[in-house]
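Derivation of every value follows stated rules applied to the coordinates shown; laboratory data play no part. Just so it is clear, the structure is predicted and the values come from calculations on it, not from any experiment. Reconstructed Cβ throughout: ideal geometry from the backbone, glycine too, with neighbour counts over all protein chains shown.
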Amino acid sequence: MVVPHELRDALKEHAREASPNEACGLVLLKDGVAERYVRGRNTAASPYRFELDVDPETWFLEDEGYELAVFHSHLSSPPRPSRTDVENIGLWAGRPYLIYTVRTGELAAWTIADGSIEPLTLMPFADRDSGAADGS
């Protein structure tokens, strides 16, 4: 999965603004490349969990060919799904799940399904001509 620098900056900015609570939103992907970030509102207003609220129209972007990936922040714990994340995965099971840690600036991506957590490779740039990814 490719998450360009500009989009990473948007995630980082939202996470810092939402602190001390978790930030959350949706990353819109096309062909494995993150193209947009839609800020959500954490209706739980908690530093330990999130409840994502976005404009209902956002859900229809899947009809335009976007894959929706959930994003949320952790204040200081590693960017790995917590027990709460796994227990509350719900409709996000098997979909890309991004976590940013405010304290360290780390961003990681995962899939969670049937209690299993699998890492996804994140890259900041994709070479569109060759189809290869460049991690520099």
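Overall shape: rounded for the chain, with the ratio a/c of the largest to smallest alpha carbon gyration tensor axis below 1.5.
Placing unit charges on each Cβ (+1 for Lys and Arg, -1 for Asp and Glu) gives the chain a dipole about its Cα centre, and among TRP59, GLY40, LEU75 the Cα reaching farthest toward its positive end belongs to LEU75.
Count the DSSP beta bridges whose two residues both fall in the chain, then state the antiparallel fraction as a percent rounded to the nearest 5. In the chain, DSSP labels about 75 percent of beta bridges as antiparallel. Taking other C-beta atoms within 10 Å as the exposure proxy, SER73, SER116, SER19 rank SER116, SER19, SER73 from fewest upward. Between the helical axis of 5-18 and the longest alpha-carbon principal axis of the chain there is an angle of about 10 degrees. Residues PHE50, PHE60, arranged from fewest to most other Cβ atoms within 10 angstrom of their Cβ, appear as PHE60, PHE50.
Relative contact order of the chain, taken over Cα pairs closer than 8 Å and 6 or more residues apart, is 23 percent. Going from the residue with the fewest nearby Cβ atoms within 10 Å to the one with the most, HIS72, HIS14 rank HIS14, HIS72.
The distance linking the range 58-72 with the range 1-37 is 13 Å (Cα centroid to Cα centroid, whole angstrom).
Computed from the C-beta positions of ARG41 and PHE125, the FRET efficiency with R₀ = 30 Å rounds to 0.50.
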